[in-house]
Structure formats: C-alpha cells, structure tokens
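Data block below; observations after.
The values are calculated or read from the model by the stated rules, or taken from the named source; none is laboratory data. Everything quoted here is computed from the prediction, not taken from an experiment. Please note that ligands, DNA and RNA were not included when accessible areas were found on the heavy atoms of the full protein model with its side chains. Shrake-Rupley method; radii C 1.70, N 1.55, O 1.52, S 1.80 Å.
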Amino acid sequence: MATRTDAPTRREQILKEAARLFAERGFHGVGVDEIGAAVGISGPGLYRHFPGKDAMLAELLVGISGQLLTGAKRRLAEADGDTAPSVVLDSLIEGHIDFALDDRPLITLHDRELDRLRDSDRKLVRQLQRQYVELWVEVLREVYPALPEPAARSAVHSVFGLLNSTPHLGRPGSLPGRGVTAVLLHRMARGAFGAAADGG
C-alpha cells in the first residue's frame, strides 16, 4: 500500500477510497455509489471489481495484516547473520511506523469494523496478527535476552498500541511533519521496550 511506487490499479484505488470513507463515516454510513463516485466510476461498476462492500472490508483488513507480516519477514530475511538484533528491531519498528503514518484509515477501520467480517476472515486476520506479534517477540528477546516471553509479548502489544495511535494524534496538518513524527514514534517505541526490559 504505502510502499508502492508504481501507479495504483483501479482495484487499489477503490480500496483506498473505501478505507478512507469507511474510516470517516463508518461502514454502514457509506454507499457503493459514493465509493464509485470517489474513483470516478458508477456504483454498479464497482461490482466488476468486488461483489460488495463486505468484500472490500475483508480485503482491506485481511490485506493489511498480510502485508505487515510479509514486510516484517522480508526485513528479517534481508538481515544477514552479522546484523545486530537491535538493528533488526529498529527495522521492524520503521516498517510499522510507515504503516501507522501512511495507512491511518486502516487503523481506524480495524478498530471499528473488524467484528463485521465473516468469522473465517476475522480468524484469518487474527492468525496473521499473531504471527506478526510472535516474529517481533523473537527479535525483541534477542535484543533483551533476560526479558521473559510473556513480558516481551505484552511489550510488543503495548508498542503496537502506541504506534497505532496515529489516527488520534490530530489532523494531518497539525502534526510536526512526517519525518519528525516518525523519529519521535521510533524513539518512544525503543524507550518502551527498554523500560519493559528494565522491569523484567
């Protein structure tokens, strides 16, 4: 999503606008015609891409969970045996900050609309999220070997909560700038992990 550099496909445009509208007005507050208008096609024309709003929501929430996991695995794969665990942890934090700053509507959507997914899709989201968390836990315990696994898991969830607070930081124009905000979030995440280790 935020990492793409080529032009988005029509399907991706639809998903982006659906995420924005769902986040702003709620899933039931947005009609298919409005999503279509946002991307310049008729509401019925959306059905060539998606069978309905439910399918859009599922693809958005399952999709971002899968992308976060895939991105984290790629960052780990790019680290060779000589890469310090702290560098790998920094890379994971940077990847999640990119998501938190560039895909803010998806965070809102996840918080508000996850329960609207079919059971199978919701279970898939949770499964992907658990794998993502466990990957972080493994890296975090390499950085802080004395940190017990349950405490490491709690720390990872807490840092996700911190980073995923970006929709509540104010309007985009009120933030100090993407770069400054990213540095601040990174410093806070590392501080939180350090505090967890000190307490462990």
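Length available on full extension from GLN129 to ASP198: 0.36 nm per residue minus the Cα-Cα distance, which gives 22.2 nm. Residues considered: ASP119, ASP98, ASP54. Largest GNM mean-square fluctuation over the chain, using C-alpha springs under 10 Å, is found at ASP119. Across all directions, the average projected area of the convex hull around the alpha carbons of the stretch 51-169 is 8.0 nm². For the stretch 1-117, the C-alpha radius of gyration sits at 1.22 times the compact-globule guess of 2.2 N^0.38 Å, with N the residue count. Computed on the Cα atoms alone, the convex hull of the chain gives a volume of 133 cubic angstrom per residue. For the chain, the solvent-accessible area with a 1.4 angstrom probe is 53 square angstrom per residue. With just the Cα atoms defining each centre, how far is the stretch 68-114 from the stretch 1-61? Give it in Å. The distance from the Cα centre of the stretch 68-114 to that of the stretch 1-61 comes to 24 Å. Once you divide the Cα radius of gyration of the stretch 66-107 by 2.2 N^0.38 Å, the number left is 1.24.
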